[in-house]
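K.L.:
Take a look at this one; I'll ask things after.
The values are calculated or read from the model by the stated rules, or taken from the named source; none is laboratory data. Since the model is a prediction, treat every value here as computed from it, not as a measurement. Here the Cβ positions follow ideal geometry from the backbone for every residue, glycine too, while neighbour counts run over all protein chains shown. Accessible surface areas use protein heavy atoms only, side chains included; no ligands, DNA or RNA. Shrake-Rupley method; radii C 1.70, N 1.55, O 1.52, S 1.80 Å.
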Amino acid sequence: MHGVPDHAEPPQTSPQGSVDDAAAPRASRRPVKAVLFDFHGTLAQVEEPRRWVLEAAAACGVTLDPVRATSLADRLLTAGRAGGPLPARVPPRLAELWADRDLYEHAHRAAYTGLAETVDAGIEGFAEALYERLLVADGWLPYPDTTPTLTALRDAGVKVAVVSNIGFDLRPHFDTWGLTDLVDAFVLSYEVGRCKPDPAIFWRACGMLGVDPEQTLMVGDTPADAGAVAAGCAVLVLPAADPGRENGLGAVLDLALPA
């Protein structure tokens, strides 16, 4: 794992960024030269829960009826799903893995398969099959405004990074979706050893892009993404949106591109 320095030094800029700053008149800020995007809930969403369960069961050689699949999906969501709601309860035996899930690949897999195993589905290998759905592009659905937004930024010469708290590699997903050429850097927590909202992960992203945080906009959907304010970036927090529906990414272009 490649970690950032233990005592990462902030760039010599004033931490002026905030949600309000991002929406302020352009004259009050330096031009946006880069946009950092969260992944889950911002660029893509995990597949619908019942489909997740049906596909995982099928991979184990089991065909579930829709009623049982729905019941299992509800129980698994309560237990905790990667890309879904936080677990209602983390068993003590999984507490350490849960705490480290976004820092190490093995911890991410073990934490989420362990949570899935608390639901007795009676299907051999089911927890692993559920986790494997995360690792394939078919288990995710990019928002419909993702490609147009990334394309417009690339055409305008604005640099783009994906900054995600995650325990597995997202690059194959972007390859499958044909989006890799629209992303200049992937800054993944398990690779850089820092998790949002730690300012160090945002400084690392800016460093990889060669831009000043004060010229950077962070786009996400959680308070962790808003942590970029402490790194000196402007921040846009998007509303929650269901898979297949636009989630407001078009606002990025209003903020980042010249009028």
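K.L.:
Amide H to amide H under 5 Å from ASP145: which residues, 5+ apart in sequence or cross-chain, H placed 1.01 Å off N in plane?
P.N.:
Here ASN247 satisfy the definition.
K.L.:
Using a Förster distance of 41 angstrom, determine the FRET efficiency expected from the C-beta separation of GLU246 and VAL136, and round it to 0.05. Mind showing how you got there, number by number?
P.N.:
On the way: r = 24 Å, r/R0 = 0.58.
Efficiency at R0 = 41 Å is approximately 0.95.
K.L.:
On to the next question. How much of the DSSP bridge set in the chain is antiparallel, in percent, rounded to the nearest 5? Can you show the working numbers first?
P.N.:
Details: 3 of 20 bridges.
DSSP beta bridges in the chain are roughly 15 percent antiparallel.
K.L.:
I'd like to check one number: the per residue accessible area of the chain, probe 1.4 Å, reported in Å² as a whole number.
P.N.:
On the way: 11830 Å² over 259 residues.
That works out to 46 Å² per residue.
K.L.:
Helix 199-209: angle to the longest alpha-carbon principal axis of the chain, degrees 0 to 90, nearest 10?
P.N.:
70
K.L.:
When the Karplus curve 6.51 cos²θ - 1.76 cosθ + 1.60 is applied with θ = phi - 60°, which whole-Hz ³J(HN,Hα) does each residue of the range 97-112 get, with x for Gly and Pro?
P.N.:
Rounded to whole hertz, the list is 4, 4, 5, 9, 4, 9, 10, 9, 4, 5, 5, 4, 5, 5, 5, 6.
K.L.:
Something else: If you roll a 1.4 angstrom probe over the protein chains with everything in place, what fraction of the accessible area of the chain belongs to carbon and sulfur, to the nearest %?
P.N.:
Values: 6380 of 11830 Å².
About 54 percent, which is the carbon plus sulfur part of the accessible surface.
K.L.:
Might you report the magnitude of the Cβ-based charge dipole of the chain about its Cα centre, with Lys and Arg at +1 and Asp and Glu at -1, to the nearest 20 debye? If you can, show how the numbers build up before the last one.
P.N.:
Values: 21 positive and 35 negative charges, 61 e Å.
Taking the Cα centre of the chain as origin, the dipole is about 300 debye.
K.L.:
Pull up all non-local amide H partners of VAL219: gap of 5 or more, or a different chain, and H-to-H distance under 5 Å with H placed in the peptide plane.
P.N.:
Answer set, sorted by chain and number: LEU36, PHE37, ASP38, LEU236.
K.L.:
I want the local charge near ALA56. Using Cβ-Cβ distances under 14 Å, sum +1 for each Lys or Arg and -1 for each Asp or Glu among the other residues. Working shown, then result.
P.N.:
Details: positive: ARG50, ARG51, ARG68, ARG75, ARG81, ARG133; negative: GLU47, GLU48, GLU55, GLU117, GLU124, GLU128, GLU132, ASP138.
Here the charged neighbours net out to -2.
K.L.:
While we're on this one: Please report the relative contact order for the range 133-259, taking Cα pairs under 8 Å with a sequence separation of at least 6, and give it as a percent rounded to a whole number. Could you put the intermediate results ahead of the total?
P.N.:
Numbers: 189 pairs, mean separation 32.8, N = 127.
This gives 26 percent for the range 133-259.
K.L.:
Follow-up. Among PHE202, LEU238, ALA226, whose Cα projects farthest towards the positive end of the dipole of the range 193-248, with charges put on the beta-carbon of Lys, Arg (+1) and Asp, Glu (-1)?
P.N.:
Projecting each Cα onto the dipole axis, the largest value belongs to PHE202.
K.L.:
A further question on this structure: Determine the distance separating the Cα centre of the range 105-131 from the Cα centre of the range 180-236; give it in Å without decimals.
P.N.:
30
K.L.:
Which of the trypsin sites (Lys or Arg not before Pro) found in the range 84-190 are in a DSSP loop and have at most 12 neighbouring Cβ atoms, other than their own, within 10 Å?
P.N.:
ARG89
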